[in-house]
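Every number in this text was worked out from the coordinates using simple rules, so none of it is lab data. Just so it is clear, the model here is predicted, and its values are computed rather than measured. A quick note on method: Cβ atoms are made from the backbone with ideal geometry, for glycine too, and the neighbour counts reach across all protein chains shown.
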Amino acid sequence: MHYSSHCFLKTPKLGLGKLVLMITLIGIVSGCGKKHSGEEKSSQSIVSVDGEEITVHQVNNELQRANIQPAQQEAASRQIVQGLVDRQILLQAAHKEKLDRKPQVMQAIENAKMQIVAQAYMQERVASVAKPTSAEIDEYRAQHQDFFANRKIYVTDEAEFALEVGSAEKLQEIAKSEKTLKDLEGWLKAHHIKYVIKRVAHAAETLPTQLLVQFSKMPIGQMVFMGANGPNSQAVAVSMAEIKEMPISEKDSKPLIERILSEQKRKQTAEAEMKRLRESAKIRYIDKKFDPANAPKVEKPLAVKPTTDAQEQAKKNMESSVNKGLNGL
């Protein structure tokens, strides 16, 4: 069983860069080696490593950070303790060699401290964000029927093949002449072009908006092409094989929508707070080349087709499966 806690370490060989990061995390985040006195020390301490104590609070903190379920905590605690022991050993070895005094290590520690404190500030601001109301959840569900009440799974047969120089023009010729995936397969074989055909299921919520609209209008058997925009690029022909009705009930959708809206509210709160802080801060760029106002303008790439962006995004989503449906939300 794998537990994703930061304290599970494999003992060295370690490069200086990794050791710098390890010292930073050990010294700042975990507080390993913090000493206690009297009864408090004896009641909280679990292990002593060369006189430095590892406490139950450190173990509990790691369990919480790793989000370990109650039934698994006893087994996880043993692994966490061993990880903390290894960490303490490494920390003490680093101190003996005075690695914590190296300029690059000190800078890494300072950078980590600033990052942790900055994140703590923003977490405090977004922690008070109110939960979505029932009315907000109902409104979101009503506005996204394709993802909930009218949710569908689009099952497609997809042929992937490579085209050489002049691929865009050649693909247009193929699209005009080949109407079905079977026709395309015959054309590819006749021209000795290697291809792969596979069946893929796309949940509605995993698709870009433009492609979802296109899929919703496609009859069974219709084929569309996801364009090839460069030499030796992969082209994909998509044929609609089946459309399955798979709605998500109001009861099941409620926690999903609540998470979506909560995340949106936290993001909006963080962006608004960052905007407020920037406006109130006195920022002076000593080296003018770093001033955003002096940033060089980036020319927009020439668009081959109005649908190029949607096609490119669709291509990236070709590996989606039915299981991504709920997970994608």
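Figures for the structure shown
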read-out	value
Long pairs among K152/K254; K102/K267; K176/K198; K152/K251; K131/K275; K131/K244, criterion Cα-Cα beyond 29 Å	K102/K267; K131/K244
Phi-based couplings in Hz for the range 145-162 (Karplus 6.51, -1.76, 1.60; Gly and Pro marked x)	4, 5, 9, 10, 4, 10, 4, 10, 10, 9, 9, 10, 9, 10, 9, 10, 8, 9
Linear extension gain, K98 paired with A127, 0.36 nm per residue minus alpha-carbon span	6.5 nm
Length added when fully stretched, K275-Q119, from 0.36 nm per residue minus Cα-Cα	54.6 nm
Under 5 Å, built H, 5+ apart or other chain: amide partners of I68	none
Chain lengthening between K179 and Q234 when straightened (0.36 nm per residue, less Cα-Cα)	17.9 nm
Estimated FRET transfer efficiency when R0 is 25 angstrom, pair E263-V213 (beta carbons, to 0.05)	0.50
Orientation-averaged projected area, Cα convex hull of the range 40-157 (nm²)	15.2 nm²
Long-range HN-HN contacts of A149 with modeled amide H, under 5 Å	I248
